[in-house]
1. Just checking: which of the helices (runs of 4 or more DSSP H) contained wholly in segment 275-390 hold 3 or more residues that are of a type in the set (S, T, N, Q)?
2. Can you name the residue in segment 259-275 that is open to solvent by less than 30 Å² (accessible area, probe 1.4 Å) and in contact (Cβ under 8 Å) with a residue 40 or more places away in the chain and is also farthest from CYS177 (Cα to Cα) among such residues?
3. For ILE280, which of the numbered conditions (1) open to solvent by 70 Å² or more (accessible area, probe 1.4 Å); (2) more than 30 Å from ARG348 (Cα to Cα) fails to hold?
4. Can you tell me which residue in segment 21-43 is farthest from CYS7 (Cα to Cα), limited to those that are modelled with pLDDT of 80 or more and open to solvent by 80 Å² or more (accessible area, probe 1.4 Å)?
5. Mind listing whichever residues of segment 6-20 are under 47 Å from the mean Cα position of the chain (by Cα) and open to solvent by 70 Å² or more (accessible area, probe 1.4 Å)?
6. When you scan segment 289-320, how many residues do you find that are touching a residue at least 40 places away in the same chain (Cβ under 8 Å) and open to solvent by less than 30 Å² (accessible area, probe 1.4 Å)?
7. State whether one or more residues within segment 217-224 are under 19 Å from ASP247 (Cα atoms) and among the hydroxyl-bearing types (Ser, Thr, Tyr).
8. Does ALA234 meet the test of being under 30 Å from GLN336 (Cα atoms), outside any strand (DSSP E or B) and open to solvent by less than 10 Å² (accessible area, probe 1.4 Å)?
Amino acid sequence: MAFHVDCYEEAKGKAPKTSIASKYESTCAFASDGKCLHGGKIAVGDQISWARRGFYAGKHGEAPDAPESKPELPGGVPIPPMPSGNEGASLGAVLAPYVVPLVLQSVKSAIAEALAGASPEEIIKRAADAAEKAAGLVLDARAPREILVKVPDMPDVKLSAQHRMFETLLKACLAGCNVFIAGPSGSGKTHAAKSVAEALGRPFRYTGAVTDAYALMGYCDAQGRYVRTQFREAWEHGGVYLWDEIDGSDPNATVAFNAALANGVAAFPDGMVVRHKDTIIIGAANTWGRGATREYVGRNKLDEAFLKRFAFIAWDYDEALELNTAPNPTWTKRVQAIRKKVASKGLRVLVTPRESYEGAKLLAAGLDQELVERMTVFAGMTDEQVSQVR
């Protein structure tokens, strides 16, 4: 607890061991029993010192009753009101201006309290604990929110925690745009498309990478019967259609798809079909359609006219969502730390959120963590790469 230097001298009959000029307004520890010489308030610039909790002007180990006060952040700043539901700014945006001072002040306070006779090891431990707790508050501020979807003439739908870009995707779909989401493997693109369908109460249709146009448009069998596809169902009857891994599909299929998007009419083997008014098209890929990358060497360059049919959304890993939904937070933090090391070393390997979920299952089954690391995050890495990121 902080107190004025001269208050301490008056109450204890000796000077404190350490003192500094206060950087924040606060309350003197001797204010509650009337022994503060400055009316109880510590002003910016006042010379102050600290003592361990429970060491006040009264008897050792007896703390005076703390005055009733409203919760504050460092510097006496009141904690801002939290937004309710989906209205206003996100919780992270509200707390952002206070996060850094909170972390710094927590560490400073821990060090200051530990200075009164504590060992260097205790000082380090208290500072680390304070920083971890403050960082935990930062994590909570970024934690994914549940989303309440309100669409006219439809019942409200409450969705579980979603990717930070989900609301953008949903609004783009409601605006009538064809949407292209580009992001690394395991970033939750398919889950997001399913959630759009759930939010809007429409059927979900899916196609992965296709090797020819027939897998997309359908075909007539030997008896002359037309074989329908997922794309045909969504195009004719409505629904949310996800074509995943477009950049890994046959170019002839994208040409047929482009013609349908351009004209609003698709030429299927059994005839022309007009696009249903409730059809939503979402394309997903690991690249932006510009060709192969270091991580995704087998991807095709997509036709520029085809790409112009979409609104694009970057869909990177949402680590707050990963940590919020994976069953083992300690393991998930380990996975994320390895991912950061992989990126910093420029290694051509992927460490995805899937490792967080699958590794948690293996650990829960009783497997040793070192073995689980080999089975998940280090799978496919050379021994040299593992040594760089372990």
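1. 329-345, 383-389
2. PHE268
3. The number of the failed condition is (1).
4. This residue is LYS41.
5. Those that are under 47 Å from the mean Cα position of the chain (by Cα) and open to solvent by 70 Å² or more (accessible area, probe 1.4 Å): LYS17, ILE20.
6. Looking only at that region, the number is 10.
7. no
8. Against the criterion (under 30 Å from GLN336 (Cα atoms), outside any strand (DSSP E or B) and open to solvent by less than 10 Å² (accessible area, probe 1.4 Å)), ALA234 does not qualify.
The values are calculated or read from the model by the stated rules, or taken from the named source; none is laboratory data. Just so it is clear, the model here is predicted, and its values are computed rather than measured. Every residue, glycine among them, receives a Cβ derived from its backbone with ideal geometry; neighbour counts consider all protein chains shown. The accessibility values were calculated without ligands, DNA or RNA, using every heavy atom of the protein model including side chains. Shrake-Rupley method; radii C 1.70, N 1.55, O 1.52, S 1.80 Å.
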